Amino acid sequence: MDFKTAVANEILTAMRQAFSEAELPEIATVAGALEVPPDTAMGDYAFPCFKLSKALKKSPVMIADALAGAIHADFLSKAEAVKGYLNFFIDRATYAEKVLGLALNEGEAYGADNSGAGKTVVLDYSSINIAKRFHIGHLSTTMIGNSLYRLHKFFGWRAVGVNHLGDWGTQFGKMIAAYKRWGDHDTVAASGVDEMVKLYVRFNEEAKENPALNDEGRAWFKKIEDGDPEALEIFNWFKSVTLKDAERVYEMLGVTFDSYAGESFYNDKMEPVIEALREKGLLKEDAGAQIVDLTDWGMPPALILRSDGATLYMTRDLAAAKYRKDTYDFDKSLYVVAYQQDLHFRQLFKVLELMGYDWAKQCEHVAFGMVSFEGGALSTREGHVVYLDDLLHQAIDKARAIIDEKSPDLENKDEVARQVGIGAVVFFDLYNNRIKDIDFTWERALNFDGETGPYVQYTHARACSVLRKAEGVDTANPDFAALSDPFSQDVVRLIEQFPDILKSAVNRSEPSMVTRFCVDLAQAFNKFYYENKVMVDEPGTRAARLLLTRAVKQVLRQALYLIGVEAPERM
Ligand code: ARG
């Protein structure tokens, strides 16, 4: 039962009775106008009558009064007119019965509809750079992307996750030059990206004294471009070493991709795009370079070809966008990339639009703020780079120490520490509105009593434990009137809102709505648990409280899954 629609139906029926001569609004309009009052003492839904005033030629107060008199439905305990509002009070037992019934019946599918059926979304996320270590600057793109991927799938979309690798640029020529001079195979094989970074740093340092080195770097890059076998072999090896390092992090985070087509993948796919730009008369020469002039849209020009003919990040993104449309025929294409690249994506989408691709409007930049760590910036030069694998391992260790102290007898402590440590980092990252900058601190991420991953996981484990103790208890005849108290009702209301929250999270590409919901539900359940004993003697009450607990466990678990956080059953 959808209470909103049911209430809207009652309003329309009452309108037909009270204002038979007037032209009445659509049901969707009425449902859309329904508000959820901030305080439940004012009802579960409120219908503002102000907008109807003109059409019905009566004051809002009179309209509300007239409607209130015409409403009688079993599922409502009352409908009350207050200052132009019509406040609806849903019968609490019915409310609990319907909401919990629906949630438990639908099980893991509760909260989803199939609004994505037949539709495809391409998500560009994580998109790390080759020969660089995975640091916490790439945490948000990875986890926001992962969550949006899961959310879309939940709603029935076909989702295509793309890791648009940064695997193109002159720096790779330099890296090969450095490797040829000072590197050796075994060291790179053993220490992975760290060794590549060392070589690259040394190259740049020595190039200051000996600028001829740069020519060597350029020559190697040219060789990569020309497909020289030796150059390609080393380059591809660097790539696979980087990916192997990254793979470990992805595995810890539970993140997957359907494609690793990165910048170099588009080497042979840019020519047609450049040709199309030329044909449409969009390319202009500017000091030897080829650009698309965007002055009319208040943006600097989009750089397509450098004066030496080299392609750019933009050129590759144009080819990638076109390739994704051709290959996946997406209905939506999301780029989960830091807000610093805002201009780049505005330019990209504008150029696509100017090229006549109406699907440009299906592309969206899902921007997010910066992550700093314990108050320090993340810049390499400041020496503050925090590598993600280090951070995750530390998180696991710290979680382990807390668990040792709180639950010394827990079985599989290692596994739980992994789930809690990593969950804490991910949860923290997804807690705020994505556009906000965030400062990661251990204190706030791992606080078992705060608005954190561990707190929500702990609440979930508590629900599991209540249910374990009640195994075999008969729940066939619940007395839902036992859930009329405000604490139970708060829990029920949140469970009812879950589908709407998820829908908004998808529509706004905002996983933090789900993260916040987890905290709200966990807090409400803990209050309920504190105020109400579950295993009471009265079987109807006990059954109703157990059903509520079961629904909480299921919804919390699902919500955590959708933000990429695991839910251990015992903590
Ligand atoms: N590799 C880039 C970076 O680390 C992000 C790439 C984002 N995706 C894209 N299609 N431009 O900044």
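The values are calculated or read from the model by the stated rules, or taken from the named source; none is laboratory data. Everything numeric here is computed off the predicted structure, so don't read it as measured data. When we count neighbours, we look across all protein chains shown, and the Cβ atoms used for this are built from the backbone with ideal geometry, even at glycine.
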Review point. What are the residue pairs meeting all of these: first residue in region 348-372, first residue under 18 Å from Val292 (Cα atoms) and touching a residue at least 24 places away in the same chain (Cβ under 8 Å), second residue assigned to a strand (DSSP E or B) and not hydrophobic (A, V, I, L, M, F, W, C), Cβ atoms under 9 Å, and 6 or more apart or on different chains?
Key: Leu348/Tyr335; Leu348/His365
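In region 81-138, which residues are within 16 Å of the ligand (Cβ to nearest atom), touching a Phe, Trp or Tyr at 6+ places or on another chain (Cβ under 7 Å) and closer than 18 Å to Phe154 by Cβ?
So the first thing to find is which residues in region 81-138 are within 16 Å of the ligand (Cβ to nearest atom), and the list is 121-138.
If we keep only those that are touching a Phe, Trp or Tyr at 6+ places or on another chain (Cβ under 7 Å) too, we end up with 121-124, 128, 130-131, 133-136.
Selection gives Val121, Val122, Leu123.
Having 3 or more residues that are under 22 Å from Trp168 (Cα atoms) is the bar; report the strands (runs of 3 or more DSSP E) wholly within region 268-361 that clear it. Reasoning before the result, please.
On the way: elements: 283-286, 289-292, 302-305, 332-336.
By residue number, 289-292, 302-305, 332-336.
If you scan region 312-341, which residues turn out to be under 20 Å from Ala276 (Cβ atoms), small (Gly, Ala, Ser) and within 9 Å of the ligand (Cβ to nearest atom)?
First, the residues of region 312-341 that are under 20 Å from Ala276 (Cβ atoms): 312-330, 333.
Checking which are small (Gly, Ala, Ser) leaves us with 319-321, 333.
Answer for region 312-341, where residues must be under 20 Å from Ala276 (Cβ atoms), small (Gly, Ala, Ser) and within 9 Å of the ligand (Cβ to nearest atom): Ala320, Ala321.
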Point to revise | Selection from region 527-571 of residues that are among the hydroxyl-bearing types (Ser, Thr, Tyr) and within 17 Å of Leu104 (Cα to Cα) | key: Thr549
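Condition (residue is surrounded by fewer than 15 Cβ atoms within 10 Å (Cβ to Cβ), modelled with pLDDT of 95 or more and out of contact with any Lys or Arg (no Cβ under 9 Å at 6 or more places or on another chain)) applied to region 96-103: is it met by at least one residue? Outline the logic, then answer.
Start the filter on region 96-103 by keeping residues that are surrounded by fewer than 15 Cβ atoms within 10 Å (Cβ to Cβ), which leaves none.
So far as region 96-103 goes, no, none of its residues is surrounded by fewer than 15 Cβ atoms within 10 Å (Cβ to Cβ), modelled with pLDDT of 95 or more and out of contact with any Lys or Arg (no Cβ under 9 Å at 6 or more places or on another chain).
Going by the structure shown, is Met355 closer than 26 Å to Leu123 by Cα, of a type outside the set (Val, Ile, Thr), out of contact with any Cys (no Cβ under 7 Å at 6 or more places or on another chain) and more than 16 Å from the ligand (Cβ to nearest atom)?
So Met355 passes the test.
Can you find even one residue in region 287-298 that is within 16 Å of the ligand (Cβ to nearest atom) and in contact with a strand residue (DSSP E or B) (Cβ under 9 Å, 6 or more places away or on another chain)? Walk me through it before giving the result.
Within region 287-298, the first condition is being within 16 Å of the ligand (Cβ to nearest atom), and the residues that meet it are none.
No, that holds for no residue.
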Check your understanding: Based on what the data block shows, is Asp397 free of Cβ contacts under 8 Å to residues at least 40 places away in the same chain and within 13 Å of the ligand (Cβ to nearest atom)?
Key -> no
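Mind telling me which of the residues Ala81, Ala103, Ala96 ends up being farther than 18 Å from Thr40 by Cα and among the small types (Gly, Ala, Ser)? Full working, then the answer.
Values: Ala81 fails: farther than 18 Å from Thr40 by Cα; Ala96 fails: farther than 18 Å from Thr40 by Cα.
Checking each option against the conditions leaves just Ala103.
Of everything in region 38-59, what is surrounded by 19 or more Cβ atoms within 10 Å (Cβ to Cβ) and within 41 Å of the chain's Cα centre (by Cα)? Give them in sequence order.
Kept after step one, since they are surrounded by 19 or more Cβ atoms within 10 Å (Cβ to Cβ), are these residues of region 38-59: 43-47, 49, 52, 56.
Gly43, Asp44, Tyr45, Ala46, Phe47, Cys49, Leu52 - these are the residues of region 38-59 that are surrounded by 19 or more Cβ atoms within 10 Å (Cβ to Cβ) and within 41 Å of the chain's Cα centre (by Cα).
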Check your understanding: Mind checking which residues of region 105-143 are assigned to a helix (DSSP H, G or I) and out of contact with any strand residue (DSSP E or B) (no Cβ under 7 Å at 6 or more places or on another chain)?
Key -> Asn105, Glu106, Gly107, Glu108, Ala109, His138, Thr142, Met143
**Study point:** Residue tally, condition under 19 Å from Phe345 (Cα atoms) and either of a type outside the set (Phe, Trp, Tyr) or more than 16 Å from the ligand (Cβ to nearest atom) (or both), over region 265-286
**Key:** 6
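For every residue, the table says whether it meets (1) away from the ligand (no atom under 16 Å from the Cβ); (2) outside any helix (DSSP H, G or I); (3) surrounded by fewer than 19 Cβ atoms within 10 Å (Cβ to Cβ).
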site	(1), (2), (3)
Gly145	no, no, no
His152	yes, no, no
Ala178	yes, no, no
Ala189	yes, no, yes
Asp194	yes, no, yes
Lys208	yes, no, yes
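Table: residues versus (1) touching a helix residue (DSSP H, G or I) at 6+ places or on another chain (Cβ under 8 Å); (2) touching a residue at least 12 places away in the same chain (Cβ under 8 Å); (3) not polar (S, T, N, Q).
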residue: Asp500; (1), (2), (3): no, no, yes
residue: Ala505; (1), (2), (3): yes, yes, yes
residue: Ala524; (1), (2), (3): yes, yes, yes
residue: Tyr529; (1), (2), (3): yes, yes, yes
residue: Asn532; (1), (2), (3): yes, yes, no
residue: Thr541; (1), (2), (3): yes, yes, no
residue: Thr549; (1), (2), (3): yes, yes, no
residue: Lys553; (1), (2), (3): yes, yes, yes
residue: Gln558; (1), (2), (3): yes, yes, no
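Could you tell me how many of the residues in region 75-104 are out of contact with any strand residue (DSSP E or B) (no Cβ under 8 Å at 6 or more places or on another chain) and not in a helix (DSSP H, G or I)?
If we filter region 75-104 for residues that are out of contact with any strand residue (DSSP E or B) (no Cβ under 8 Å at 6 or more places or on another chain), which is where we start, we get 82-83, 93-104.
The next check asks that each one be not in a helix (DSSP H, G or I); those that pass are 82-83.
Going through region 75-104 one residue at a time, the tally reaches 2.
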Practice item. Pairs only if they're at least six apart or on different chains, beta carbon under 6 angstrom, first in region 320-346 and over 21 Å from Leu139 (Cα atoms), second among the aromatic types (Phe, Trp, Tyr) and crowded, with 18+ Cβ neighbours inside 10 Å; list them, first residue then second. Key: Ala320/Tyr266
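Please determine, by comparing only the residues of region 244-264 that are of a type in the set (D, E, K, R) and in a helix (DSSP H, G or I), which one is nearest to Phe349 (Cα to Cα).
Step by step, filter region 244-264, then rank; the result is Glu263.
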Point to revise | Output for region 104-142, where each listed residue is surrounded by 22 or more Cβ atoms within 10 Å (Cβ to Cβ), under 22 Å from Gln362 (Cα atoms) and not polar (S, T, N, Q) | key: Val121, Val122, Leu123, Asp124, Tyr125
Review point. Do we have any residue at all in region 127-147 that's among the aromatic types (Phe, Trp, Tyr) and at pLDDT below 95?
Key: yes
Review point. If Gly309 satisfies every condition in (1) at pLDDT below 95; (2) within 15 Å of the ligand (Cβ to nearest atom) but one, which is the exception?
Key: (2)
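Please work out if Asp404 is surrounded by fewer than 15 Cβ atoms within 10 Å (Cβ to Cβ) and touching a Gly at 6+ places or on another chain (Cβ under 8 Å). Give the derivation first.
Values: surrounded by fewer than 15 Cβ atoms within 10 Å (Cβ to Cβ): yes; touching a Gly at 6+ places or on another chain (Cβ under 8 Å): no.
No.
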Point to revise | Wholly within region 1-56, helices (runs of 4 or more DSSP H) carrying at least 3 residues that are touching a residue at least 40 places away in the same chain (Cβ under 8 Å) | key: 3-18
